[in-house]
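Accompanying notes for the structure given below.
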Amino acid sequence: MIATIHTFGRDLKWNPHIHCLIPELIYSLKKDKIKTFHHFNFTKLRKTFQFELIRIIQEAGGLKKPEEKNRLYKDHPKGFYVYAKFKSPDNASNDASSNKNSKDIQSCVNYVIHYAGRPAMAENRITEYNKESKTVSWFYNDHKDEKRHDATDNVIDFINRLIIHIPDYHFLTTRYYGFYANASKKTLDKVHALLGIKKNKDYSRETRTKALKNKLNKLKYRTHLIDSFNRDPIQCKCGFIMQYTYTYNPLEDKRNDRTYRKRCIDEMYKMRLRRRST
């Protein structure tokens, strides 16, 4: 599956949950065959999620007393909450026990991507900022009734509502499991071959590394000048490429650096070479 974590609700409360895309097939590595399936046991999913979450909390040092763990199982005999209803335009009832899955795969993908890339709150939801009272007014539409609810918070409280949803540095909000994982690239190629799907794009590590190198090269100072003025800044008039020796700061003793910068830019324009027509 492909899973992405989403930590906020519409009212900006701390509501961590996971959106998943699960393919309707199973790949057998021993038999080198694929098998389709359409039934998903949501009761088992809820109980498995409950067991694994409690186990992780215990390993992290929480739920030290046995009665705390037992109370969670007693208060939630059906497992922890899992919203696993089908997102299908053909299934108006949205019944979780139905076997009628969505046929519009692209809309399901777009739905998950929307949550993976969106911020905690759009700027257009802020209706007013009061400098005198130092408050922020904003609104949200509740999931239950889809009605607009207006809220007003102190500036500090409003900022706190937002920054708690900023993920830690290097934390990956999207994870890939099974044959979608990077380590299972060969397995995914076998699945594609069994399904008769041709790869429209080369996703090999060499190709991705080369593409990243070309992308970063476009952001370099030298590349920008070549694209803008058609002139290599480190190429000598004799034709050789100059080697870096030391850095000279021309603005070190300049009082009016704005005039100096303008003169340098004008000189570069005069030195600009015309592009050869091909």
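Quick note: the coordinates plus some simple rules give every number you see, no bench work behind them. Everything quoted here is computed from the prediction, not taken from an experiment. Neighbour counts are summed over all protein chains in view; Cβ atoms, including those assigned to glycine, are modelled from backbone coordinates with ideal geometry.
Some values worked out for this structure:
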read-out: Reciprocal of mean inverse Cα separation for region 106-160 (Kirkwood radius, Å); value: 13.1
read-out: Straight-distance crosslink candidates among aspartates and glutamates, where the alpha carbon sits under 17 Å from Lys186 and sequence neighbours closer than 8 are dropped; value: Asp32, Asp202, Glu206
read-out: Inter-probe distance in nm under a simple model that places probes 7 Å from Cα toward Cβ, at Leu25 and Thr173; value: 3.0
read-out: Surrounding net charge for Leu225, when Lys and Arg each add one and Asp and Glu each subtract one, Cβ distance under 11 Å; value: +2
read-out: Phe8 long-range amide H proximity, modeled H, under 5 Å; value: Asn15
read-out: Helix-only CD estimate at 222 nm, as mean residue ellipticity for the chain, using -39500 (n - 2.57) per DSSP H run (n ≥ 4); value: -11000 deg cm²/dmol
read-out: Peptide ranges 41-50, 165-174, 220-229 listed from the most packed, as the mean C-beta count within 10 angstrom indicates; value: 41-50, 220-229, 165-174
read-out: Using a Förster distance of 51 Å, the FRET efficiency for Trp14-Lys237 (Cβ separation, nearest 0.05); value: 0.20
read-out: 18 Å Cα-Cα reach of Lys69 towards lysines, excluding residues that sit fewer than 8 places from it in its own chain; value: Lys47, Lys78
read-out: Point-to-point label distance, Ala183-Met1, nm (Cα→Cβ direction, 7 Å offset); value: 1.9
read-out: Rounded Å value of the spacing that divides the Cα centres of region 155-206 and region 1-46; value: 13
read-out: Where labels lie 7 Å past Cα in the beta-carbon direction, separation of Ile265 and His192 in nm; value: 4.7
read-out: Formal net charge of residues neighbouring Tyr244 (Cβ-Cβ distance under 15 Å; K, R +1; D, E -1); value: +1
read-out: Candidates Asn230, Asn256, Asn214, ranked by Gaussian network fluctuation over the chain, Cα under 10 Å, top entry; value: Asn256
read-out: Pair-distance profile P(r), taking every C-alpha pair of the chain, with 5 angstrom steps and integer %; value: 1, 4, 6, 8, 10, 10, 10, 9, 10, 8, 7, 5, 4, 4, 2, 1, 0
read-out: Förster radius 51 Å - calculated FRET efficiency between Ser228 and Leu162 (Cβ-Cβ, nearest 0.05); value: 0.85
read-out: Segment Tyr248-Ala151, length gained on full extension (0.36 nm per residue, minus Cα span); value: 29.5 nm
read-out: Aspartates and glutamates whose Cα lies under 20 Å from that of Lys30, excluding same-chain neighbours fewer than 8 positions away; value: Asp189
read-out: Cβ-derived FRET efficiency at R0 35 Å, Tyr111 paired with Thr135, nearest 0.05; value: 0.55
read-out: Restraint check, Lys185/Lys213; Lys237/Lys262; Lys65/Lys144; Lys64/Lys185; Lys74/Lys144, Cα-Cα greater than 30 Å; value: Lys65/Lys144; Lys64/Lys185
